[in-house]
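See structure below.
The values are calculated or read from the model by the stated rules, or taken from the named source; none is laboratory data. Given the structure is predicted, the values throughout are model-derived calculations rather than measurements. No Cβ is skipped: glycine too gets one built from the backbone with ideal geometry, and neighbour counts run over all protein chains shown. Protein only, heavy atoms only, side chains kept; ligands, DNA and RNA dropped before computing areas. Shrake-Rupley method; radii C 1.70, N 1.55, O 1.52, S 1.80 Å.
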Amino acid sequence: MGGFGGWLAQFTQVRGAIGDLARDASADTDWPEGPDELETYTDHLDAAGASPAALETLTEAWARYAAR
């Protein structure tokens with residue numbers, strides 16, 4: 001898993017919202033592998049019925065990923 005998914009995987013042992021997102025993504029066999037765009041992951045979480053808090057965490061994680 002590369003791109004955002006690979007970057008996110010480094011947070012699976014972190015406590016808090018980003019760790020929760022990382023663990024959920026790691027366990028999700030349908031987690032997108034591309035294209036590496038925020039919309040790809042937002043659409044995936046929307047389709048899975050994610051909470052507004054999860055979508056906010058995704059957006060914050062994406063900002064951190066994009067700023068690296």
Checklist outcome for this item: Contact list, first residue from region 44-63 and touching a residue at least 40 places away in the same chain (Cβ under 8 Å), second anywhere and in a helix (DSSP H, G or I) and open to solvent by 40 Å² or more (accessible area, probe 1.4 Å), beta-carbon distance below 8 Å, six or more apart or interchain, is 57/17; 57/20; 60/17; 62/38
Item to check | Enumeration of residues in region 27-38 that are without any contact (Cβ under 8 Å) to a residue 24 or more places away in the chain and either closer than 12 Å to residue 4 by Cα or aliphatic (A, V, I, L, M) (or both) | outcome: 27, 35, 37
